[in-house]
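None of the figures in this text is laboratory data; all of them are computed from the coordinates on show. This is a predicted model, so every value here is computed, not measured. In this analysis, Cβ positions are derived from the backbone assuming ideal geometry, glycine residues included, and neighbour counts consider all displayed protein chains.
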Amino acid sequence: MNAWVPYLILLGGLAVVLGALTWLARFVRRRGGGGGVLAAYEEAFRATSHVAHHEVRAQARRKRPVGSPDGPRGGSRWTR
């Protein structure tokens, strides 16, 4: 019986850590704070993805969608 106690303590500690990390992930997703953490790293080492990150954020801030360059019907003028 006493041989199982350390394993139960280890399993309980693992469950607590995984539960805390799950809660933290949900909290960060709800607040939207995860994107800014890696922005400095992305800017320094991955210039193209940093530019893409700023484009995605600019698109999210737009009030209404930008129209299609092909017109309101969509499709190419060559396929009409």
Exercise for review: State, to one decimal in nm, how far the label point of residue 5 lies from the label point of residue 20, with both points 7 Å from Cα in the Cβ direction.
Suggested key: 2.4 nm
Review point. Label residue 62 and residue 40 with points 7 Å out from Cα along Cα→Cβ: what is the distance between them in nm?
Key: 3.2 nm
